[in-house]
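Asks: Okay, handing you the structure first.
The values are calculated or read from the model by the stated rules, or taken from the named source; none is laboratory data. Every value quoted in this text rests on a predicted model; they were computed, and no experiment measured them. So basically every Cβ, Gly included, is an ideal-geometry build from the backbone, and we count neighbours across all protein chains shown.
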């Protein structure tokens with residue numbers, strides 16, 4: 001199924017509390033954060049994307065330790081967005097259709113380990129309800145050939161990754177991993193969601 005043919009979530013929930021700038025945030029895990037970051041940076045209404053870690057403790061929230069797969073963390077991105085411009089539902093649609101393969105358990109391609117799991121780290125009950133409903137919806141209509149394995153986890157804390165990980169794809173477009181894994185996702189986004197992209 002083409003990404004643009006993916007349905008929006010049937011479960012609609014209020015966006016909830018916004019910050020002092022009127023923005024909301026969505027914390028998503030879908031493999032290497034370099035790739036997920038690059039996809040969401042291109043979406044209209046997304047104000048900032050920060051790569052980081054969630055699911056483990058502050059003491060082990062470093063790239064070297066998280067890469068061991070033993071800390072409980074996942075590589076995540078914190079997507080800060082303007083709900084007056086783009087909805088959480090649409091961002092979830094991009095996440096499940098373009099940003100990663102939600103049917104791969106504890107891996108994305110050659111990146112293997114629980115740190116590369118598919119997960120949404122919710123902050124409010126309304127967000128949890130929408131995500132869980134969307135997963136059931138997508139499984140029911142079989143948009144992917146296999147069941148989704150995306151975990152829905154409460155966000156205890158978000159830990160920003162090291163500075164060199166931020167904005168990585170844009171700063172390193174010639175890096176082989178970016179060309180092989182990240183760039184095709186961004187190109188798919190541009191092809192199938194043209195009218196939802198930043199100028």
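Asks: Sort out which residues of the stretch 102-147 are assigned to a loop (DSSP other than H, G, I, E, B), more than 28 Å from residue 18 (Cα to Cα) and out of contact with any helix residue (DSSP H, G or I) (no Cβ under 6 Å at 6 or more places or on another chain), and write them in order of number.
Replies: Step one: list which residues in the stretch 102-147 are assigned to a loop (DSSP other than H, G, I, E, B), which gives 102-106, 109-110, 113, 117, 123-124, 142-147.
Restricting the remaining residues to those that are more than 28 Å from residue 18 (Cα to Cα) gives 103-106, 109-110, 113, 142-147.
Passing the criteria: 103, 104, 105, 109, 110, 113, 142, 143, 144, 145, 146.
Asks: Residue pairs, Cβ under 7 Å, 6 or more apart or interchain, first in the stretch 172-188 and free of Cβ contacts under 8 Å to residues at least 40 places away in the same chain, second buried (at least 16 other Cβ atoms within 10 Å of the Cβ). List them.
Replies: 172/178
Asks: Sticking with this one: Residue 76: within 10 Å of the chain's Cα centre (by Cα) and either part of a loop (DSSP other than H, G, I, E, B) or modelled with pLDDT of 95 or more (or both), yes or no?
Replies: Values: within 10 Å of the chain's Cα centre (by Cα): yes; either part of a loop (DSSP other than H, G, I, E, B) or modelled with pLDDT of 95 or more (or both): yes.
Criteria met by residue 76.
Asks: Working only within the stretch 48-74, note down all residues that are in contact with a strand residue (DSSP E or B) (Cβ under 7 Å, 6 or more places away or on another chain) and farther than 21 Å from residue 13 by Cβ.
Replies: Here is the first cut: in the stretch 48-74, the ones in contact with a strand residue (DSSP E or B) (Cβ under 7 Å, 6 or more places away or on another chain) are 48-55, 58, 61, 66, 73-74.
Passing the criteria: 48, 49, 50, 51, 52, 53, 55, 58, 61, 66, 73, 74.
Asks: Among the numbered criteria (1) crowded, with 23+ Cβ neighbours inside 10 Å; (2) closer than 22 Å to residue 11 by Cα; (3) touching a strand residue (DSSP E or B) at 6+ places or on another chain (Cβ under 6 Å), which single criterion is violated by residue 77?
Replies: The single condition residue 77 does not satisfy is (2).
Asks: Something else now. Quick check: is even one residue across the stretch 50-57 more than 15 Å from the chain's Cα centre (by Cα) and farther than 14 Å from residue 121 by Cβ? Show your work before the answer.
Replies: Start the filter on the stretch 50-57 by keeping residues that are more than 15 Å from the chain's Cα centre (by Cα), which leaves 56-57.
In the following step, the residues that additionally are farther than 14 Å from residue 121 by Cβ were identified as 57.
There is at least one residue in the stretch 50-57 that is more than 15 Å from the chain's Cα centre (by Cα) and farther than 14 Å from residue 121 by Cβ.
Asks: Please go through the stretch 104-132 and pick out each residue that is closer than 22 Å to residue 68 by Cα and out of contact with any strand residue (DSSP E or B) (no Cβ under 6 Å at 6 or more places or on another chain).
Replies: Residues of the stretch 104-132 that are closer than 22 Å to residue 68 by Cα, as a first pass: 104-121.
104, 105, 106, 107, 108, 109, 110, 111, 112, 113, 114, listed by residue number.
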